[in-house]
Amino acid sequence: MSKKFFVVLMAFALLLGACAPAASKSDVPAVCGTDKAGCAVIAKGSTVKVGFAGPLAGDYAAYGQDQVNAMLLAIKDAGDINGWAIEMVAEDDGASAEGGAAVANKMASDPAFIAIAGPAFSGDSAAAIPIFEKASIPMMSPSATNPELTAKGSAVFNRNAFTDEDQAKAASAYFYNEVGVRKVAILHDGSDYGQGIASGLEVDFKALGGEVVAFEAITSGEADYSAVLAAVASKAPEAIYYGGYNSEASVLVNQMKQAGLENVIFFGGDGIFGTDFLTKAGKNGEGALCTTMVPPASDARKKFDEAFRTAYGVEPGTITAYTWGSYDAMAVLLKVIKDVSIVSGEKLYIPRAALVEAVRTVKDFTGVAGTITCQQTGECNASGPIIYHVKDGDWVVVE
């Protein structure tokens with residue numbers, strides 16, 4: 001090979017190399033170069049991953065599975081993201097801070113993971129927020145209700161659930177104004193959710209002029225709370241308010257009679273709503289109250305209820321109070337992902353920072369639980385708490 005021919009050949013090769021990247025770059029949307037978090041890039045044939053984190057095993061598995069079931073219907077209804085299939089990633093975080101952080105790290109490490117409709121509880125959400133913040137992954141929780149979660153200045157955390165503060169105010173007003181209760185004993189399970197809602201009720205009830213005769217923590221997962229109930233009984237409360245979940249709530253109501261508290265009102269937050277409490281408490285649960293959210297009647301809700309019943313053989317809202325909100329949390333995320341994503345060449349591009357901002361500025365999204373409009377803090381709730389009580393073995397609205 002002559003030296004001249006070799007030089008010409010090398011020049012031609014360099015020319016081809018220079019042209020190839022230029023053609024490839026021309027397919028990349030301009031926004032990917034300006035978006036401060038860059039773009040998620042999903043190749044043809046790959047999936048857009050969205051997720052949920054919550055309890056999927058153990059005492060609280062019903063919470064997580066009910067939410068996942070509703071979200072799967074939202075994914076089915078959404079169809080795809082501009083031609084790309086949607087993949088549901090559901091992870092068990094044990095409803096704990098440690099699990100929440102571990103699952104968030106796992107999800108954030110996947111470049112195809114785009115958004116999470118969750119986590120389910122407040123403690124796991126608090127642990128997950130900084131991880132998803134760093135990865136610019138938007139969150140929409142249908143059930144993490146601790147007020148502090150939206151007070152941290154996070155750009156990625158949003159929720160379409162009402163807050164524990166809302167629940168505490170509703171319960172306090174019911175106690176004081178509707179029933180005439182003046183002396184309340186407050187119990188909680190020590191969790192971010194349970195202690196938070198209990199503390200809120202303490203403040204609100206005292207502000208109305210009521211007296212909090214006891215404020216005690218219990219240990220989750222135990223089968224005997226007779227000692228704490230005996231201590232509470234000595235203070236002669238007219239009502240007990242419990243911040244926590246159905247497993248412990250059912251134990252408490254089952255042991256109230258032995259402690260001499262059979263005529264004392266039992267009231268809990270949305271964490272005790274569902275069939276699990278009814279099954280475990282049986283007749284002892286009769287008359288128990290809780291705050292929860294069931295959406296108003298609408299064509300959208302009717303359609304969803306029929307689809308849920310057909311798919312899972314149970315009425316929505318009987319397992320947990322979060323069925324409708326879980327559908328909406330996933331549905332609104334998918335709608336926003338569709339809106340900001342761009343198809344170019346054989347790839348789907350999703351600008352991450354733009355997606356975070358688009359979720360935070362959602363306005364007038366019509367879900368099955370109502371219209372969702374997000375505030376600057378990430379509060380996107382469609383409606384406030386409604387008070388239910390157990391009547392003839394079922395949860396029904398208090399008239």
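The values are calculated or read from the model by the stated rules, or taken from the named source; none is laboratory data. These figures come from a predicted structure and were not determined experimentally. Virtual Cβ from ideal backbone geometry, glycine too; neighbours counted across all protein chains shown.
Within region 64-95, restricting attention to residues that are in contact with a Phe, Trp or Tyr (Cβ under 8 Å, 6 or more places away or on another chain) and over 11 Å from A53 (Cβ atoms), the residue that is surrounded by the most Cβ atoms within 10 Å (Cβ to Cβ) is A70.
Among the candidates A353, A259, which residue alone is surrounded by fewer than 24 Cβ atoms within 10 Å (Cβ to Cβ), under 15 Å from L187 (Cβ atoms) and modelled with pLDDT of 95 or more?
A259
Any residue in region 162-184 that is aromatic (F, W, Y) and touching a His at 6+ places or on another chain (Cβ under 9 Å)? Within region 162-184 (the criterion being aromatic (F, W, Y) and touching a His at 6+ places or on another chain (Cβ under 9 Å)), the answer is no, since none of the residues qualifies. On inspection, V336 qualifies as crowded, with 21+ Cβ neighbours inside 10 Å and within 26 Å of V359 (Cα to Cα).
With respect to being assigned to a loop (DSSP other than H, G, I, E, B) and not hydroxyl-bearing (S, T, Y), V294 fits the description.
Can V213 be described as in contact (Cβ under 8 Å) with a residue 40 or more places away in the chain, more than 25 Å from A95 (Cα to Cα) and over 21 Å from the mean Cα position of the chain (by Cα)? Outline the logic, then answer.
Details: in contact (Cβ under 8 Å) with a residue 40 or more places away in the chain: no; more than 25 Å from A95 (Cα to Cα): yes; over 21 Å from the mean Cα position of the chain (by Cα): yes.
So V213 does not fit the description; no.
Every condition in (1) touching a strand residue (DSSP E or B) at 6+ places or on another chain (Cβ under 9 Å); (2) under 28 Å from E399 (Cα atoms) is met by E216 except one, and the failing one is (2).
The criterion of at least 1 residues that are at pLDDT 95 or above and assigned by TED's automatic domain parsing to the domain that holds K303 is met, among helices (runs of 4 or more DSSP H) falling completely within region 1-107, by 61-78. When Y312, Y327 are screened for being among the aromatic types (F, W, Y) and surrounded by 19 or more Cβ atoms within 10 Å (Cβ to Cβ), only Y327 passes.
The rows are residues; the columns are (1) in contact with an Asp or Glu (Cβ under 7 Å, 6 or more places away or on another chain); (2) hydrophobic (A, V, I, L, M, F, W, C); (3) more than 27 Å from F121 (Cα to Cα).
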| residue | (1), (2), (3) |
| --- | --- |
| V31 | no, yes, yes |
| P55 | yes, no, no |
| D59 | no, no, no |
| Q65 | no, no, no |
| G83 | no, no, yes |
| E87 | no, no, no |
| A97 | yes, yes, no |
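Contact map, region 324-343: residues that are in contact (Cβ under 8 Å) with a residue 40 or more places away in the chain and at positive phi paired with residues that are assigned to a helix (DSSP H, G or I) and basic (K, R), Cβ distance under 6 Å, separation 6+ or inter-chain. No pairs are found.
Taking the conditions (1) of a type in the set (G, A, S); (2) exposed (fewer than 14 other Cβ atoms within 10 Å of the Cβ); (3) under 20 Å from F266 (Cβ atoms); (4) in the same structural domain as I116 (by TED's automatic domain parsing) in turn, A321 satisfies each one other than (2).
All of S141, S136, S199 fail the test of being surrounded by fewer than 24 Cβ atoms within 10 Å (Cβ to Cβ), touching a residue at least 60 places away in the same chain (Cβ under 8 Å) and among the polar types (S, T, N, Q), apart from S136.
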